[in-house]
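Worksheet for the structure shown next.
The values are calculated or read from the model by the stated rules, or taken from the named source; none is laboratory data. Since the model is a prediction, treat every value here as computed from it, not as a measurement. Here the Cβ positions follow ideal geometry from the backbone for every residue, glycine too, while neighbour counts run over all protein chains shown.
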Amino acid sequence: DRPVELENEYMRKASAYIDALPDTKLGTARLIGVVSKKLHGAYARDMKMQQESVEAIKARFAFAIVTYLNKVLAKGPKKCTTDFIKQILHDVQGDFLKLCAKLVEEKYVSLEKLDDVAGLAKVMLDIFPKRELGHDTVTGGMPKTEPPNYPTIQEKTAESKVASDSAGSWPSQDKRETFAAHRTCILKGVTAVTSINQLQALVWGGRLESISGPESGSSNALVKFLTADACERYHRDTANGITIKADMKNAVVFVELTEGPNSTNDVIQRCIEGGVSRCVRAIGKVECNDTQLMALAQGKDQAKKREVDRIKRGKNVRGHEYVEFRFANIYNALSFRRELMDDDDWEHCNIGYAPDPCEVAAGLHYED
């Protein structure tokens, strides 16, 4: 019918604008264009890569999208699942614009500003090694493909001028300075672990970017380090597995690296260089009970609730009281510290970051 025809026409025009973006600079506009081509290439019917490689790329896309929606944006009415995203990608046949439209419809992404979409494009691009971002390999080793029913060359030339004129006003992406490397480990066989605090006790070697327990029906957990060196050290230390007590007997947790490397974005790079951790410490006397502190740490917005490892009270070497908030990922720590700094009830406190127990420990650490 007519509405469907109009929608398809708008999508064709939008795809043409993206395809016409110049290759001279990987700013936000071009970033979306590159990701659009890569995603579409993975679902192209004439794909000549081995099926196993194609499926691996699709899985990496889905994982990156789920992680971004759940851990960074956290806007959805409920947690997004990998199967849900895989189904959407299949339904839209790798069309990035239709993917965004579906995520907006499901209230996982906002179009009030371009930030959400630009962030999504960036994390999807981060699944590829940096060497694949050059202009000669824009499709990441995939054959260059075009969405069906593209406009004529004359139409495309006109649209290219519009896209070029408007792209300069879009926000630009900071230059990538770091190489992709393995920073994520899979912990297999952690069914006996029931909390983030229990899970982090099995991890050491460096500061964490994020840590997440098994999804329903799975026995695997994910741990993402801030640096590749920390990940490599932990993986080396656990080559023979980790022996833990489960159900009154010993069990072995095996540690493996994830298949693909992880790029380091600008936020994480600043965290590495600035000594930022997933642990926020407020030094000063606080008149709050544990329930109030937990509610504060999790946040008022139920749809964006922060995941808390634990809250610890204590005194520093000078005898000053402190409260330490440990989160499951460093993005939560960043946002929480900003909120605390702006809270008048906490203005008397010295608010900073505390050492990550996973960096301090040299082995299992249940008592921190």
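Listed values, structure above:
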item: Failed item in (1) assigned by TED's automatic domain parsing to the domain that holds LYS315; (2) surrounded by 15 or more Cβ atoms within 10 Å (Cβ to Cβ); (3) not hydroxyl-bearing (Ser, Thr, Tyr), with GLY284 passing the rest; result: (2)
item: Among the candidates LEU257, LEU226, residue that is under 15 Å from the mean Cα position of the chain (by Cα) and aliphatic (A, V, I, L, M); result: LEU226
item: Odd one out for THR243 among (1) polar (S, T, N, Q); (2) more than 22 Å from LYS71 (Cα to Cα); (3) buried (at least 18 other Cβ atoms within 10 Å of the Cβ); result: (3)
item: Of all residues making up the range 313-343, the number that are basic (Lys, Arg) and touching a residue at least 40 places away in the same chain (Cβ under 8 Å); result: 2
item: Condition check for VAL72: of a type in the set (Val, Ile, Thr), touching a residue at least 60 places away in the same chain (Cβ under 8 Å) and either farther than 20 Å from VAL54 by Cα or in contact with a helix residue (DSSP H, G or I) (Cβ under 9 Å, 6 or more places away or on another chain) (or both); result: yes
item: Filter result (part of a strand (DSSP E or B), under 26 Å from the mean Cα position of the chain (by Cα) and not acidic (Asp, Glu)) within the range 323-368; result: PHE325, ARG326, PHE327, ASN329, ILE351, GLY352, TYR353
item: Residue check, VAL72 modelled with pLDDT of 85 or more, among the hydrophobic types (A, V, I, L, M, F, W, C) and within 26 Å of SER210 (Cα to Cα); result: no
item: Restricting the range 188-198 to residues that are on the phi < 0 side of the Ramachandran plot and out of contact with any Pro (no Cβ under 9 Å at 6 or more places or on another chain), the residue that is modelled with the lowest pLDDT; result: ALA192
item: Residues located in the range 246-266, provided they are free of Cβ contacts under 8 Å to residues at least 40 places away in the same chain and touching a strand residue (DSSP E or B) at 6+ places or on another chain (Cβ under 9 Å); result: ASN250
item: From LYS113, LYS107, LYS102, LYS98, residue being surrounded by fewer than 21 Cβ atoms within 10 Å (Cβ to Cβ) and at pLDDT below 85; result: LYS113
